[in-house]
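Have a look at the structure below before the remarks.
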């Protein structure tokens with residue numbers, strides 16, 4: 001089936017039938033004591049489904065999600081500024097549907113707390129051990145510092161610090177500090193694809209993870225595999241369709257990426273849609289731009305971007321799902337429905 005035909009089918013009935021690109025070589029998965037799938041959107045879901053189609057035993061697979069807004073705990077409530085309200089519920093439902101454990105980790109206060117940081121260090125990292133005990137790791141920043149601005153649109157993670165602060169460093173600290181990762185071998189699965197950007201195209205498909213320390217006094221053998229690195233978007237939707245899975249509900253609202261609801265890479269159309277569906281959240285982001293004196297976009301405020309955009313089309317039922325913290329939708333769809341966001345705007349890291 002040609003892509004233009006595929007895209008022309010009605011969203012309530014079309015299914016991706018094109019064959020996937022040739023998959024990357026599969027490492028010896030049997031050598032790993034545990035395989036951690038870092039779960040967020042469609043690409044990491046495709047990674048999970050690929051593992052299951054390879055008949056990897058479920059006993060070694062774990063789903064991990066880094067909560068970019070943090071979670072409620074004894075230190076205070078989570079932020080509600082950046083992420084989709086349904087995300088943690090959706091991830092939990094995904095694990096339950098496949099019979100896999102789900103673990104959440106986060107930095108307290110999330111991105112909102114970090115961007116408001118003034119003459120102080122970053123917040124603690126929190127993760128849950130396999131025995132259910134919550135571990136709090138103190139701040140990893142020794143010197144007080146000030147941000148008072150949103151992450152900036154850049155390929156440089158020191159400038160676009162949202163990913164490094166709320167995801168990458170959170171994962172690294174969990175892997176480095178939890179003693180179970182010194183026992184046996186660990187494989188981390190992530191869903192970066194070469195098609196997404198020139199920078200991601202340069203990523204290795206398989207390599208030692210940043211937290212690897214296999215030659216150290218207390219060895220820690222951790223590899224990272226990007227199984228869908230060579231796939232195009234069509235291949236991703238193929239495997240999701242084949243397994244009849246519901247991808248993150250934001251795709252049903254015509255978002256092309258399951259990043260933050262208020263992602264700094266959002267297009268003018270995404271900002272226009274956010275203002276339409278969640279005015280309070282949009283206004284909170286606009287207020288921070290005024291407070292900081294810095295806009296997310298290099299030259300336009302989110303209000304100016306929304307003014308020049310056209311809201312996406314979507315069904316009201318999916319809006320209720322995406323904006324609710326209670327997730328009660330079935331993970332397996334029959335019939336499977338192609339999301340409106342498939343093959344649409346996919347603004348993201350360069």
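Readers should treat all values here as calculations from the given coordinates under stated rules, not as data from a laboratory. What you see is a predicted model, and the numbers here were worked out from it, not measured in a lab. Methodologically, a virtual Cβ is constructed for each residue, glycine included, from the backbone with ideal geometry; neighbour enumeration extends over all protein chains shown.
Summary of computed values
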{"read-out": "DSSP bridge pairs, the chain: antiparallel proportion in percent, nearest 5", "value": "45"}
{"read-out": "Structure-based [θ]222 nm, the chain - -39500 (n - 2.57) summed over DSSP H runs of at least 4, per residue, nearest 500", "value": "-8000 deg cm²/dmol"}
{"read-out": "Prolate/oblate/rounded label for region 71-186 (Cα gyration tensor, a/c 1.5)", "value": "prolate"}
{"read-out": "Gap separating the Cα centres of region 253-322 and region 57-98, nearest whole Å", "value": "22"}
{"read-out": "Principal axes of region 270-344: Cα extent on each, largest first, Å", "value": "48, 27, 17"}
{"read-out": "Calculated Rg and Dmax of region 209-330 using C-alpha coordinates, Å", "value": "19.3, 58"}
{"read-out": "Residue 52 versus residue 316: modelled label distance in nm, points set 7 Å from Cα along the beta carbon direction", "value": "3.3"}
{"read-out": "log10 of Debye I(q)/I(0), alpha-carbon scatterers only, for region 245-313 at 0.20, 0.24 Å⁻¹", "value": "-0.77, -1.06"}
{"read-out": "For the chain, alpha-carbon Rg relative to the globular expectation (2.2 N^0.38 Å, N residues)", "value": "0.97"}
